[in-house]
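Below: one structure, written as structure tokens.
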Amino acid sequence: MMRILNAIFILFLLVIGPTVHAKSLKPALNDVIESLEQLIAIKNSENYLSSDEKANIEVEARKTALNKILELSIEEVKNLKDKLEQFDDFSSEEIGLLNQNHINALSDYESYYESIRQQVNQNIGLSEVVDLARKLKSWRENNYHKKINKIASFVLVFQNQETLKTAENRLNKILRDSKAIKSLVKTTKWGEVDKLLEVAEKLIKEAKKINNDAQNFSLDLETESLIKKATQNIIEAYQGFITLGKLVNNNPR
Amino acid sequence: MSYDYLLEYLKSLKSINPDSDFLSRSRNLILNQPKRPAYVFHVRNQFLNVFKFSLAIGLSLIMFLSLSGKLFPKNNIFVASLNNKNLIKESLKADINIQLAEVKYYKETSAQVTWALSEIINNENNAAITRLLKEKARENDENP
């Protein structure tokens, strides 16, 4: 019964877990889509409106769409900044500085978006709106995209570091309990206990090394695949701990 | 059919009698029905019924608890570090991390916003872009 409950719990977390990250961004993204739909509908319409009236409505629709894009971008920047500001305990001074640099860059991006937003909301015509959109597009393509992906990878490495810390703590607790564990199981099973602990320790050590490599951002390594590998190691180590727990229950002295 | 004829016919039905075999069979059947015990409504037996019911519920509860490990915890309390619940919780946290949702999100929305900006810049209508954006958003919802 407990297994079924655990399975349901796991499924529930797997489903909602990943969505939590970008929860606040989803409505903003939907707003962008909605505003674009309206813009296209207006561009498409051939009704009783005079060309002047249509032009006015179209300008407003473009301004709304641009505003929605800016709102989404500001949300994204804030979301990442909040995460970076929570990080501490850096492995080196350099990494701490890098974190601060990212925070500063994000603050600059936020100010840039705000300045464009102010211009959009002034009494401007079609050509100015289009110019602002063009300016924003080229700025994003040349500066923002690359940097924001780097920062998202940086966040990933630090989130993984937290997971790694928890796994290390767990391993140390179990190692401290190893005498107690052995006193509870048949002596014939001691070899298995040692082996399970040894493998888990090795996996976690390796995960730590991979995570440190991923932290060396200057090498421009494939951060995502490194984090994936480190996380897989951690999960395997936990599977070992769970097997050890079963061994203790099934082979009492 | 005339009215008089109908009346006569109905009167003749009065003299109908059941077949004697059928009569005795039915009587036996009715008399041999098991009698409803008089003590059903007795307070003592009412109590007994309640007790039986409680016993059944109690036994099910004990079975449920022992199966779920609450009554006789499977994990030995002396090895707190091997608590199954904590192990599952921590490994789940690691597993969620591996989904790399955040990095994926930023990569995808960057492309979506570029399309949206092109639509603001371009004068001609491009419904295909919105369709693509909508499809992407739906994919995001389905596979976050």
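Summary table below
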| quantity | calculated |
| --- | --- |
| The range B:101-142 - residue that is aliphatic (A, V, I, L, M) and under 35 Å from the mean Cα position of the chain (by Cα) and, of those, modelled with the highest pLDDT | B:ALA137 |
| Filter result for A:ARG170 (out of contact with any strand residue (DSSP E or B) (no Cβ under 7 Å at 6 or more places or on another chain), facing another protein chain (nearest Cβ under 10 Å) and either closer than 27 Å to A:LYS146 by Cβ or touching a residue at least 40 places away in the same chain (Cβ under 8 Å) (or both)) | yes |
| Number of the exception - A:ALA230 against (1) within 11 Å of chain B (Cβ to nearest Cβ); (2) within 22 Å of the chain's Cα centre (by Cα); (3) without any contact (Cβ under 8 Å) to a residue 12 or more places away in the chain | (3) |
| Answer from A:LEU132, A:LEU97 - the residue that is aliphatic (A, V, I, L, M), free of Cβ contacts under 8 Å to residues at least 12 places away in the same chain and either closer than 27 Å to A:ALA61 by Cβ or not assigned by TED's automatic domain parsing to the domain that holds A:GLY245 (or both) | A:LEU97 |
| Counted residues, the range A:98-123 - those being among the aliphatic types (A, V, I, L, M) and within 13 Å of chain B (Cβ to nearest Cβ) | 3 |
| Of the criteria (1) outside any helix (DSSP H, G or I); (2) surrounded by 17 or more Cβ atoms within 10 Å (Cβ to Cβ), which one A:PHE90 fails | (2) |
| Of the criteria (1) surrounded by 15 or more Cβ atoms within 10 Å (Cβ to Cβ); (2) within 9 Å of chain B (Cβ to nearest Cβ), which one A:ARG134 fails | (1) |
| Criterion violated by A:PHE154 - all others in (1) facing chain B (nearest Cβ under 9 Å); (2) within 16 Å of the chain's Cα centre (by Cα); (3) surrounded by 18 or more Cβ atoms within 10 Å (Cβ to Cβ) satisfied | (1) |
| Matching residues in the range A:109-141 - criterion: being over 31 Å from the mean Cα position of the chain (by Cα) and charged (D, E, K, R) | A:GLU128, A:ASP131 |
| Condition met for A:ALA237 (out of contact with any Ser or Thr (no Cβ under 8 Å at 6 or more places or on another chain) and either within 11 Å of chain B (Cβ to nearest Cβ) or without any contact (Cβ under 8 Å) to a residue 24 or more places away in the chain (or both)) | yes |
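Residues checked against (1) facing chain B (nearest Cβ under 7 Å); (2) closer than 30 Å to A:ILE148 by Cβ; (3) part of a loop (DSSP other than H, G, I, E, B):
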position: A:THR166; (1), (2), (3): yes, yes, no
position: A:TRP190; (1), (2), (3): no, no, no
position: A:LYS195; (1), (2), (3): no, no, no
position: A:GLY245; (1), (2), (3): yes, no, no
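The values are calculated or read from the model by the stated rules, or taken from the named source; none is laboratory data. Remember, predicted model here, so these are calculated numbers, not experimental data. A quick note on method: Cβ atoms are made from the backbone with ideal geometry, for glycine too, and the neighbour counts reach across all protein chains shown.
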